[in-house]
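Okay, structure first, notes after.
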Amino acid sequence: MSEKKYFTRMGDGSIVYMTAEEIWEDMRAGMDDAVDRGKIPPLSEEELQKIFDIVTMPGGVVGVNPIDAVVTTSDSGSDKIPTKCGIPISRDTTAMIHERVLGCDSVDIGNPDYNYKTAKGIAKREAGILKLALDKTTLPLYYGAMPNLGFYTKPDGPVDNWAELLPQGKIKEALAAQEEAVEHSVNDILFVAKQTYEVGADAIELDTSGAAGDADFLAALKACEKITQKYPEMPVIIGMAGEFVLGMHGKLEYDGQRLAGLYPHKQVKLAEKAGASIFGAVVNTNCSETFPWNIARVCTFMKATVEASNIPVHADVGMGVCAIPMCENVPADVVTRADKCLIEICRLDGL
Amino acid sequence: MGGVRTTGDMVMRLQLSKKMRIDEAKRYVADKLGLTLEEICDVVTMSEVREERGFGLGHQEPCTESTMGMEAKFRIAEALDIRINSVERFKEHAGIK
């Protein structure tokens, strides 16, 4: 009789069947990769056993005990139904759908062009939509967008494009361009924060921070610091772009800490210093590896991040991150298993 | 947690405004409402509590006289002893502050 094989998936979502031995081998390899890259402690044998049990658990979906449920945040949440699904309804209506149909714990209002450079030019109008939604909803409602530093480069933006300058050997110019873009970005975020705060936003979200590298993350940290100083009652949510801050600049620091190369357990400490209320941690999904490999790696990073943090940590469990496969229609079997692992093993504060 | 089906919206408010971790935020909400942790995570219990105390529901029919939206947030702010920005703005704009 052949050895029993369990249904699971690859990081791209495709189906794969694995023996218990293969699953254990992949879990250990994924964990070791996180330990090596993050210089963080490994999971215990009990925690790995728990992951194995969840990965091989029968059923299409799995769950946690109701008392262990955690809260949810979103990015471009109110825009998913019109933009992703093509259902032509307004964002204030989708906020009500998130509250009363989907049972979400919070949701953000964001522009389809989800970045602060765009939002700045229409900030009053964005705040108007937010105000409409705030009047009609009970759940926490905040404004969200990305710092997205790349949008500040010529020809669309005011500064030279560092991605073009670097290959030309114009290192000083490339560094200066990024530093200038940080200041533009912080100013835009502050402008939008003011408009949304004044109509009653419950928070502001700086989503996908670090997408353009260390300067992008610096913009989010500086903006967070200024928002919380200027509007102490305006909570800030910082969500990350990836597990590792790319050193596009390489020398930028915040509070004496170099930003390039930071993993989530160190990113969260800076978000905390900047005054953030919630940190959205990211661990990348490797499409070429299996779900057991990815989820063991994610739990290793996330456990270290939750332990290092003094503020709530929400794992970013969308497509292509935190062991969720890189595919448009994410499978509930793997999503619910990832959520259960993160809540029960990492003691996460939210998703 | 299920948002307004349970107390997910309230727990979330404590994470945002007071930076509370999940267990602390749940305990805070449970204590303020005089309920157990199990009750604040239970949809049946909380539907009744939310309707009685006017905290807002996920359904309007057959509770058309229940509070929802801004009116519910007034009551949540008071029950949890927290500041809700939109409530404060509403008071200013309505001239009741």
Cα gyration tensor category, rounded, prolate or oblate, for chain B with a/c compared to 1.5 = oblate
request  = List the lysines whose Cα lies under 21 Å from the Cα of A:Lys303, skipping any in the same chain that are fewer than 8 positions away.
outcome  = A:Lys39, A:Lys50, A:Lys266, A:Lys269, A:Lys273, A:Lys340, B:Lys19, B:Lys26
inquiry  = If amide hydrogens are placed 1.01 Å from N in the peptide plane, which non-local residues have theirs closer than 5 Å to the one on A:Gly239?
reply    = A:Leu206, A:Asp207, A:Thr208, A:Ser209, A:Gly280
inquiry  = Accessible area of the range A:5-346 with a 1.4 Å probe: how many percent of it is carbon plus sulfur?
reply    = 53
Vicinal HN-Hα couplings computed from phi for the range B:21-33 (Karplus, 6.51 cos²θ - 1.76 cosθ + 1.60; Hz; Gly/Pro x) = 6, 4, 5, 5, 5, 5, 4, 4, 5, 4, 5, 5, 8
ask   = Hey, what do the phi angles of the range A:207-221 turn into as Karplus ³J(HN,Hα) couplings, whole Hz, using 6.51/-1.76/1.60 and θ = phi - 60°, x for Gly and Pro?
value = 8, 6, 5, x, 4, 9, x, 4, 5, 5, 5, 4, 4, 5, 5
message = Relative contact order for chain A: what percent, with Cα pairs under 8 Å and sequence separation of 6 or more?
response = 22
ask   = So what does A:Met18 come to for accessible area, using a 1.4 Å probe and Å² rounded to 10?
value = 10
note = Longest chain A segment clear of GluC sites (Glu not before Pro) sitting in DSSP loops (not H, G, I, E or B) with at most 10 other Cβ atoms within 10 Å runs A:4-327
request  = For A:Ala203, list long-range residues whose amide hydrogen, built 1.01 Å from N in the peptide plane, is under 5 Å from its own amide hydrogen.
outcome  = A:Tyr143
message = Tell me the mean residue ellipticity at 222 nm calculated for chain A from its helices only (DSSP H runs of n ≥ 4, each -39500 (n - 2.57), averaged over every residue, nearest 500).
response = -14000 deg cm²/dmol
inquiry  = Nothing charged except the Cβ atoms of Lys and Arg (+1) and of Asp and Glu (-1): what's the magnitude of the dipole of chain A about its Cα centre? Round to the nearest 20 debye.
reply    = 640
note = Here, A:Glu328 and B:Ala79, labelled 7 Å along Cα→Cβ, have an inter-label distance in nm of 4.2
inquiry  = Which GluC sites (Glu not before Pro) in the range B:1-44 sit in a loop by DSSP (not H, G, I, E or B) and have at most 10 other Cβ atoms within 10 Å of their own Cβ?
reply    = none
Shielded residues, the range A:89-106 - accessible-area loss of 20 Å² or more between chain alone and all protein chains, probe 1.4 Å = A:Glu99, A:Arg100, A:Gly103, A:Asp105
request  = Sticking to Cα atoms, compute the Rg of chain A to one decimal and its Dmax as the biggest Cα-Cα distance, whole number, in Å.
outcome  = 20.5, 69
note = Carbon/sulfur accessible area of chain B, % of total, 1.4 Å probe, equals 44
inquiry  = Counting only other residues whose beta carbon sits under 12 Å from that of B:Met70, what net charge do I get with K and R as +1, D and E as -1?
reply    = +3
request  = Could you tell me whether the range A:203-251 comes out rounded, prolate or oblate from its Cα gyration tensor? Rule is a ≥ b ≥ c as square roots of the eigenvalues, rounded for a/c under 1.5, then prolate if a/b exceeds b/c, otherwise oblate.
outcome  = oblate
Amide proton proximity set for A:Arg9, modelled H, under 5 Å, gap of 5+ = A:Val16, A:Phe291
note = Among B:Ser66, B:His93, B:Ile40, the residue whose Cα sits farthest towards the positive end of the charge dipole of the range B:3-94 (+1 at Cβ of Lys and Arg, -1 at Cβ of Asp and Glu, taken about the Cα centre) is B:His93
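If you add up the charges near B:Gly34, with Lys and Arg at +1 and Asp and Glu at -1, over every other residue whose beta carbon is less than 13 angstrom from its beta carbon, what do you get?
Around B:Gly34, the surrounding residues sum to 0.
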ask   = Quick one: which of A:Lys194/A:Lys251; A:Lys84/A:Lys117; A:Lys222/B:Lys97; A:Lys226/A:Lys251; A:Lys194/B:Lys73 span more than 25 angstrom between C-alpha atoms?
value = A:Lys194/A:Lys251; A:Lys222/B:Lys97
query = Just which residues of the range A:329-349 lose 40 Å² or more accessible area with every protein chain there, against their chain alone, with the probe set to 1.4 Å?
reply = A:Asp349
request  = Just tell me the longest site-free run in chain A, where the sites are trypsin sites (Lys or Arg not before Pro) in a DSSP loop having at most 16 other beta-carbon atoms within 10 Å.
outcome  = A:40-169
request  = List the accessible area buried at the contact between A and B, summed over both sides and calculated with a 1.4 Å probe, in Å² to the nearest 100.
outcome  = 3000
message = Give the separation of the Cα centroids, the range B:47-97 to the range A:8-70, in Å.
response = 42
key: For the range A:183-195, 3J(HN,Hα) per residue [Karplus equation, 6.51 cos²θ - 1.76 cosθ + 1.60, θ = phi - 60°, Hz, x = Gly/Pro]   = 5, 4, 5, 4, 4, 5, 4, 4, 4, 5, 4, 4, 4
ask   = Classify the range A:209-351: rounded, prolate or oblate, from the alpha-carbon gyration tensor (a ≥ b ≥ c, eigenvalue square roots; a/c under 1.5 rounded; otherwise prolate if a/b is larger than b/c)?
value = prolate
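How much accessible area per residue does the range A:5-346 have, counting only protein heavy atoms and a probe of 1.4 Å, in square angstrom?
38
The values are calculated or read from the model by the stated rules, or taken from the named source; none is laboratory data. In this text, all values refer to a predicted model and were calculated from it rather than measured experimentally. Ideal geometry is used to build each Cβ from the backbone, glycine not excepted, and the neighbour counts take in all protein chains shown. Accessible surface is based on the protein model in full, side chains and every heavy atom, while ligands, DNA and RNA are left aside. Shrake-Rupley method; radii C 1.70, N 1.55, O 1.52, S 1.80 Å.
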